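Participant: Please read through the structure below; I'll follow up with questions.
The values are calculated or read from the model by the stated rules, or taken from the named source; none is laboratory data. Keep in mind that what you see is a predicted model, and the values were worked out from it rather than measured. For neighbour counting, all protein chains shown are included, and Cβ atoms are generated from backbone atoms with ideal geometry for every residue, glycine included. Accessible surface areas use protein heavy atoms only, side chains included; no ligands, DNA or RNA. Shrake-Rupley method; radii C 1.70, N 1.55, O 1.52, S 1.80 Å.
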Amino acid sequence: MTLQMIANGLLILLLIVWIGVRQMTWRPVVLSRMWRSPLILGIVGLALIAQQVKPASITPLDIAVLVGELLFSLAVGAWMGGIAHFRRLPQPVPAGKDGRDLAVYESRTGGWGMALWLVVVAVRIVVDVLASQAGAHLASATGVILLVFAANRVARTAVFAARLERHAAVGRMMVE
């Protein structure tokens, strides 16, 4: 077992716990903050890929595996955004430490969201093992793990934001 495999395992475990807790608990919705973590994960993932992977070593199989994995992660993320529950707070609450952002809604995806998250992780591990055996070594790069998880969070946030916008518009129409 290499040091990179151990680091990747710890990274996946940390992400499972961090996102799992966020899936299961009601959290104030501030869309600008929801976009922050996938943006950070994506940037760090690309930076790690640039450091760890030589462009000459990337094969068509590497690209195919990466694209397939990203598409799968985007699809599951969109599904997660579609099943997310949200509820209106009786009073807007400060959502940041500085109190500038106000949350009007809370959200969570609950058990189904957690199950889908575990599917993403399981597929990620299986793809890593199978791709490495087939000679696609890009799949095992730590940066790819972060990109896949960032793609999941981007799709979830995009679908969730669209649903929330429609929900808020319906709420405004009912008040008028």
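Participant: Can you pull the percent of segment 7-74's accessible area that's carbon plus sulfur, 1.4 Å probe, other chains left in place? Write down the numbers at each step before the final one.
Facilitator: Working: 3190 of 4120 Å².
It is 78 percent, rounded to a whole number.
Participant: Got a sec to turn the phi values of segment 123-131 into Karplus ³J(HN,Hα) couplings, 6.51 cos²θ - 1.76 cosθ + 1.60 with θ = phi - 60°, whole Hz, x for Gly and Pro?
Facilitator: Result, rounded to whole Hz: 4, 4, 5, 4, 4, 4, 5, 5, 5.
Participant: Just subtract the alpha-carbon distance of Lys54 and Ala75 from 0.36 nm times their residue separation and send over the number in nm, one decimal. Walk me through the intermediate numbers first.
Facilitator: Values: separation 21, 0.36 × 21 = 7.56 nm, distance 2.88 nm.
Full extension from Lys54 to Ala75 adds 4.7 nm.
Participant: Let me ask something additional. Hey, what number do you get for the chain at 222 nm if only DSSP H runs of n ≥ 4 count, each worth -39500 (n - 2.57), divided across all residues, to the nearest 500?
Facilitator: Working: 5 runs with 127 residues, N = 176.
The per-residue figure over the chain is -25500 deg cm²/dmol.
Participant: Using only the Cα atoms of segment 1-57, build the gyration tensor, take square roots of its eigenvalues as a ≥ b ≥ c, and label the shape rounded, prolate or oblate: rounded if a/c is under 1.5, else prolate if a/b is larger than b/c, else oblate. If you can, show how the numbers build up before the last one.
Facilitator: Details: a/c = 5.14, a/b = 1.59, b/c = 3.24.
Here segment 1-57 falls in the oblate category.
Participant: So what is the accessible area of the chain per residue, in Å², with the probe set to 1.4 Å? The partial results should precede the final answer.
Facilitator: Numbers: 10120 Å² over 176 residues.
That works out to 57 Å² for each residue.
Participant: Which value, in debye to the nearest 20, describes the size of the charge dipole of the chain about its Cα centre when Lys and Arg Cβ atoms bear +1, Asp and Glu Cβ atoms bear -1, and nothing else is charged?
Facilitator: Working: 16 positive and 8 negative charges, 106 e Å.
Value, rounded to 20: 520 debye.
Participant: Also, quick follow-up: Choose one of Leu31, Leu10, Ser140: the residue whose Cα lies farthest towards the positive end of the charge dipole of the chain (beta-carbon charges +1 Lys, Arg; -1 Asp, Glu; about the Cα centre).
Facilitator: Final value for the positive-end residue is Leu31.
Participant: Give the Rg (one decimal place) followed by the Dmax (whole number) of the chain, computed from C-alpha coordinates and expressed in Å.
Facilitator: Reported Rg and Dmax, both Å: 18.1, 63.
Participant: Additional query: Ignoring trypsin sites (Lys or Arg not before Pro) that are buried or in helix or strand per DSSP, and keeping those with at most 14 other beta carbon atoms within 10 Å, what is the longest stretch of the chain between them? Display every interim value, and only then the final one.
Facilitator: Working: sites that count: Lys97, Arg100.
The longest uninterrupted stretch comes out as 1-96.
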